[in-house]
Amino acid sequence: MKIIVQKFGGSSLATPDLRRQAARHVVRAKDEGYQPVVVVSAMGRKGDPYATDTLLQLAKSVSHCNSLLNLDLLVSCGEVISAVVMAETLRELGVEAQALTGWQCGIMTDDNFANSRVLVVHPERIMEVIDQGIIPVITGFQGVTEAGLVTTLGRGGSDTTAAVLGVVLASEWVEIYTDVDGVKTADPRIIPDAQTLSSLTYRELVELAHLGAKVVHPRAVEIAMEEGVPLKVLSTAPTGQGTVIGNGKRGSQGGERVGDRVVTGIAHLSGRSQVKITGKEDFNRSRLALKIFDLLAQNDVSVDLIYLSPELVAFIIDQDKAQVTKEVLASLGLNIQVEAGFAKVSVVGAGMHGVPGVMARVVGALESAEVPIYQTTDSHANISCLIKEEQLAQAIRSLHDEFQLSKGGGSK
Ligand code: ADP
Ligand code: MG
């Protein structure tokens, strides 16, 4: 029996019409001789009655300081509702389907509430349902601890559920259905003429996803990559060919060599704050740098774009962490400036390593667009620049144009 996992995101399940459209992909897979295993997110987006954001809003309206344990149980209901509605939509189309929660499916996690990791899956229940000729419709985004407490996997966590089940059930591939027709050279909300990339390597997508391309959760890509389960990112609406993600050979199509592109796409992360810290003493000798990063780690503040010199420590944080950052560092007696309103824009390409002139092109493009750069960092496969949030669209546009990503997708 050839299993395929099919995951549907919230925006693909927002209305009865969209849900029927989603269900038809499941019926088609079944008609083609595959055994579908469906994974769903909560239905809709912010403002929709059963969406994750709506449930979070409800929790906030009750208490300023929710217990994470209660919060996880509440938000997990969004996927439960969605799984039942989707199972019934499938039954309306004439196929037998059953909703199953994360805990019913033996998706065991650690107890890091709101951001837990899947430790192991006991797939017996899923297999029992399949053996009865029933399509399982499984709640994404959630699991259960050994003590029986419901946990959630963090935003975008349904992708992770799909990838984990893809591995555990030895799925032929995993289909991620969403509201765009694949992974594109930039966020189509900002660059409407961004091109769909027909194939990508896992590494390219891991990089894009970590740097903010939220179309697939980075952890999901890493899990699929470890076991070599191919991913397909597809539109729920019947348009486009989508993107196939594999390990290079499997992911390549029509002889095109993927993974060698100098620039594959542009990713971005909004809502960043820049922190700049100066003091009277040398940061290295005083060991104050260590204290700063220790305190931040203890308080669950992750830092990025780190700059460290004897006179200055600078880094960026999620702007939601600005208050806690100021509070925990206050005791050190340093001069701390936290400024909101930044975004990080990244040029991503696994083939840029050793290619001269990429940085010059990045700086040149941003300069021509009159976008000042406040900090940069790079690795073998990306160059990231910190810019003002209000200039994000023009920054992405200038880089997208510089690397000619609207033409053909992926700069050689
Ligand atoms: P879902 O509800 O299906 O999980 P998400 O909102 O999590 O959907 O992800 C899809 C969105 O990701 C798209 O609507 C798009 O705006 C955004 N996105 C950001 N970067 C990219 C990219 N490089 N390619 C495609 N989509 C992207
Ligand atoms: Mg998503």
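Points to keep in mind about this one:
- Volume per residue of the convex hull around the Cα atoms, evaluated for region 336-402, comes out as 85 Å³.
- Semi-axis lengths, largest first, of the ellipsoid equivalent to region 1-85 are 31, 14, 7 Å, with √(5λ) applied to each eigenvalue of the Cα gyration tensor.
- Computed from the Cβ-Cβ distance with R0 of 25 Å, the FRET efficiency linking E370 to L312 stands at 0.45.
- GluC sites (Glu not before Pro) within region 299-352: DSSP coil, no more than 13 neighbouring Cβ in 10 Å: E311
- Proportion of all alpha-carbon pairs of the chain beyond 27 Å (%): 55
- Measure of compaction for region 260-412 (Cα Rg per 2.2 N^0.38 Å): 1.15
- Sorted by Cβ neighbour density within 10 Å, fewest at the top, the residues M127, M225: M127, M225
- Residue order, fewest to most beta carbons within 10 Å, for E370, E172: E370, E172
- Theoretical ellipticity at 222 nm over the chain - DSSP helices of four or more residues, -39500 (n - 2.57) apiece, nearest 500: -10000 deg cm²/dmol
- Charged side chains reduced to their Cβ positions (Lys and Arg at +1, Asp and Glu at -1) give the chain a dipole of some 500 debye around its Cα centre.
- Placing a label point 7 Å from the Cα of V324 along the Cα-to-Cβ direction, the residues of region 92-120 with a backbone N closer than 13 Å are 113-115.
- Rh by Kirkwood over Cα pairs, then Stokes-Einstein D for region 66-162 at 0.890 mPa s and 25 °C, µm²/s: 182
- Furthest towards positive pole of dipole, N70, T15, F342, structure part the chain, Cβ charges: F342
- Protection proxy ranking for 291-303, 268-280, using the average of other Cβ atoms within 10 Å per residue and placing the highest first: 268-280, 291-303.
- Residues I336, I135, ranked from the fewest to the most other C-beta atoms within 10 Å, line up as I336, I135.
- Shown for the chain are no DSSP H helices, since none reaches 20 Å along its axis, judged by Cα atoms, with a mean Kyte-Doolittle hydropathy of at least 1.6.
Every number here is computed from the coordinates shown, using simple stated rules; none is lab data. Keep in mind the model is a prediction, meaning the values are calculated, not measured. Neighbour counts are summed over all protein chains in view; Cβ atoms, including those assigned to glycine, are modelled from backbone coordinates with ideal geometry.
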